[in-house]
1. Which value, in Å³ per residue, describes the convex hull spanned by the Cα atoms of the stretch 32-71?
2. Restricting to Cα atoms and excluding each atom paired with itself, what does the Kirkwood estimate give for the stretch 1-68 in Å?
3. Taking the chain as a Gaussian network, where each spring joins two C-alpha atoms under 10 Å apart, which residue of R200, R116, R152 fluctuates the most?
4. Taking only the alpha-carbon positions of the stretch 3-112 and ignoring solvent, what does the Debye formula give for the base-10 log of I(q)/I(0) at q = 0.10, 0.16, 0.18 Å⁻¹?
5. Calculated from DSSP H runs of 4 or more alone, at -39500 (n - 2.57) each and per residue, what is the 222 nm mean residue ellipticity of the chain, nearest 500?
6. What order do you get for E232, E224, E70 when you list them from fewest to most C-beta neighbours inside 10 Å?
7. Taking the number of other C-beta atoms within 10 Å as the exposure measure, put T46, T9 in order starting with the fewest.
8. Need one number: the % of Cα-Cα pairs in the stretch 79-141 sitting beyond the 16 Å mark.
Amino acid sequence: MSNPLLKLTDVETYIGGSHILRGVDLEIHPGEVVALMGRNGVGKTTTLRSITGVLPVRAGSIMLAGQPIEQLPIDVRARAGLGYVPQGRDIFPHLTVEENLQIGLVVHGRKGAAARSALDRVFALFPVLKEMLSRKGGVLSGGQQQQLAIGRALLTDPKLLILDEPTEGIQPSIIDQIGDTLKKLKAPRAPQSALDQAARDVAEIKQAVQQLRREHSLAILLVEQFVDFCREVADRFYAMDRGAVVISGPIATLTDEVVKEHLQV
Ligand SMILES: Nc1ncnc2c1ncn2[C@@H]1O[C@H](COP(=O)(O)OP(=O)(O)OP(=O)(O)O)[C@@H](O)[C@H]1O
Ligand SMILES: [Mg+2]
C-alpha cells in the first residue's frame, strides 16, 4: 500500500464553544476517490474546513504527503496541493465563465502555453464550459456552475481535489429519482426539461470524477449524500456521526444495512 497522500489522526475541531469534531481519523491514498458521508450536521463540512485550514484544529494531526499541515494557513495548504470546492455555488455570478476560470490560473500563477494546456484539460472534462466562455456565471444551471467551480479548482493543479456536495446545486429532491436515467444518457443534447438538464449535469460531473480517477496523480475527497453517486464513483467511504467516523471501508461494503443505520434520515 502506498503512503497516504492525506492522513487525519484524532482531529478535534471547535466552532466557537461547540465541540464539533471528536477525533476524526481518515486517510486518502494517491489516485483514490473517497466519499465522506453522513446525515446533516454530523461534521462533514467541518472536516473539509479543518483539512483546508478554513477552521483551526484544536488537537490531532493532518499530514499531506508526509508533512504536517495543520498549522499552515489556507493559501499555503492550497499551494501544497489542496484544491477545495466548498459547499454551494462558489463562482462569481457577475463574471463570465472565462473570467471565473482566469481566477484559477492567476492563483496558480500560470500563463501562456501552460495556462492554455491547463484550460484544455478542463474543457476536455467539461466541454460545456468551452461553449459558454463568454456567458456570465450566474446564468449557468446549478450543475454547470458546479462544473465551473470544479474546473477552476483543477486549474490550481491540486494533488487532492476536495468537493463538498457537488450534486447539491442540482435539485437534490430529484437526483435519487434519476438513477438509471443517468446510464441512458449519451451525447449531450438540447435539454427538454429541468429533469433532463439536471440528469445531464449529474452525468457530466460523474463522468468527470471517473475520468479524474483514471489519472492516477489526482485523489478526490468527496462529501456526498447520494449513495448511488458514491457507489458509482468512489473507491472507499467513511460515514460520520456526531463528529466522528463511525464506519469506513471499500465502497462495496456500503451495503443497504449500512446506509439504513448510518445515513438514512
Ligand atoms: N458557524 C457555526 N456556528 C456554530 N455551529 C456550527 C457552525 N457551523 C456548523 N456548526 C455546527 O457544526 C455541526 C457540523 O456542521 P457541518 O456543517 O460540518 O455538518 P455537515 O455534516 O456538513 O452537514 P450538511 O450535510 O448539512 O452540510 C452542526 O451541528 C452545525 O450546527
Ligand atoms: Mg456540509
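1. Convex hull of Cα atoms, per residue: 84 Å³.
2. About 12.4 Å, per the Kirkwood formula over Cα pairs.
3. Maximum among the listed residues: R116.
4. So the normalised log intensities work out to -0.34, -0.82, -0.99.
5. -11000 deg cm²/dmol, from helical runs alone.
6. Least to most surrounded, the residues fall as E232, E70, E224.
7. In order of increasing Cβ crowding within 10 Å: T9, T46.
8. Result for the distance tail: 50 percent.
Every read-out reported here was derived from the displayed coordinates using simple, explicitly stated rules and does not represent laboratory data. Nothing here was measured: the structure is a model prediction, and the numbers come from that model. Cβ coordinates were reconstructed from backbone atoms using ideal geometry, including for glycine residues, and neighbour counts include every protein chain displayed.
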